[in-house]
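What follows is a short report on a single structure.
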């Protein structure tokens, strides 16, 4: 195992979420989570007499969770080769149209400040202030200074996992995961999404976005006549 891998594992093991957001990720909309990553400064080992804490702030913007299938995900760009191999495995094991939930995040870093006091004291003060404000969408993460973004990613992964059950239940309650036999078994959410895109194109939106969505679901043949009819109009 490389030294860097050991460092990553160490950072994950040392990461602690001192304060979780008070609600899960929204199922049918975007969620913006503010965060404080609180760490002991990397220079503390060479200056042991000074008790200081590094506080990094920012926001994580989670787009609306989307229902996808292995077929759909394989037609998305930006994954690693290993991720595509995993998607192919999922497709062969559970079926090309087995539904899953795709979460996409954008990190917006804020400020970095160095405060007097221990990590425990500083994080405790931040938590008290947030609780007094009854803030529901801010996390406080105690992490590792040189790998603070790994600590942030650990929080995002765990928070997503905790939100997944409630998101899936809400999708199920609306029948959005139900396979549509007439469309090759893709989930109902896909048909609903395509319906909205057709309406948007009829109002002037870019048809290329609709075409890409049809291709990702493997549904262009089902909608080819209607799609070409958009241009006849």
(request) Starting from the range 77-90, take each residue that is within 14 Å of residue 102 (Cα to Cα) and list its partners that are assigned to a helix (DSSP H, G or I), counting only C-beta distances under 7 angstrom and pairs at least six apart or across chains. (result) 87/70; 87/73; 87/74
(request) For the range 206-233, enumerate the residues that are closer than 17 Å to residue 69 by Cα and assigned to a helix (DSSP H, G or I). (result) 212, 213, 214, 215, 216, 217, 220
(request) Given the conditions (1) surrounded by fewer than 20 Cβ atoms within 10 Å (Cβ to Cβ); (2) in the same structural domain as residue 18 (by TED's automatic domain parsing); (3) in contact with a helix residue (DSSP H, G or I) (Cβ under 8 Å, 6 or more places away or on another chain), report the number of the one that residue 144 does not fulfil. (result) (1)
(message) If I go through the range 202-213 residue by residue, how many of them are surrounded by 17 or more Cβ atoms within 10 Å (Cβ to Cβ) and more than 23 Å from the chain's Cα centre (by Cα)?
(response) 1
(message) I want to confirm something. Restricting to the range 103-123 and keeping residues that are in contact (Cβ under 8 Å) with a residue 60 or more places away in the chain and assigned to a helix (DSSP H, G or I), which single residue is surrounded by the fewest Cβ atoms within 10 Å (Cβ to Cβ)?
(response) 121
(message) Checking residue 44 against (1) touching a helix residue (DSSP H, G or I) at 6+ places or on another chain (Cβ under 8 Å); (2) surrounded by 14 or more Cβ atoms within 10 Å (Cβ to Cβ); (3) assigned by TED's automatic domain parsing to the domain that holds residue 152; (4) not in a strand (DSSP E or B): exactly one of these is not met. Which one?
(response) (1)
(request) List the number of the failed condition for residue 176; all other conditions in (1) surrounded by fewer than 16 Cβ atoms within 10 Å (Cβ to Cβ); (2) not in a helix (DSSP H, G or I) hold. (result) (1)
(request) Please state which of the following conditions residue 138 fails to meet, knowing it meets all the rest: (1) surrounded by fewer than 16 Cβ atoms within 10 Å (Cβ to Cβ); (2) modelled with pLDDT of 95 or more. (result) (1)
(request) Could you grab me the full set of residues in the range 66-102 that are more than 17 Å from residue 216 (Cα to Cα) and either part of a loop (DSSP other than H, G, I, E, B) or in contact with a helix residue (DSSP H, G or I) (Cβ under 7 Å, 6 or more places away or on another chain) (or both)? (result) 80
(request) Tell me, yes or no, whether the range 170-184 has at least one residue that is within 30 Å of residue 19 (Cβ to Cβ) and in contact with a strand residue (DSSP E or B) (Cβ under 7 Å, 6 or more places away or on another chain). (result) yes
(request) Output the residues belonging to the range 47-65 that are in a strand (DSSP E or B) and under 15 Å from residue 103 (Cβ atoms). (result) 60, 61, 62
(message) Against the condition closer than 18 Å to residue 215 by Cα and within 20 Å of the chain's Cα centre (by Cα), how does residue 83 come out, does it pass?
(response) no
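The values are calculated or read from the model by the stated rules, or taken from the named source; none is laboratory data. Bear in mind that the values here come from a model prediction, so they are computed numbers and not experimental data. Positions of Cβ are backbone-derived with ideal geometry, glycine not excepted, and every protein chain shown enters the neighbour counts.
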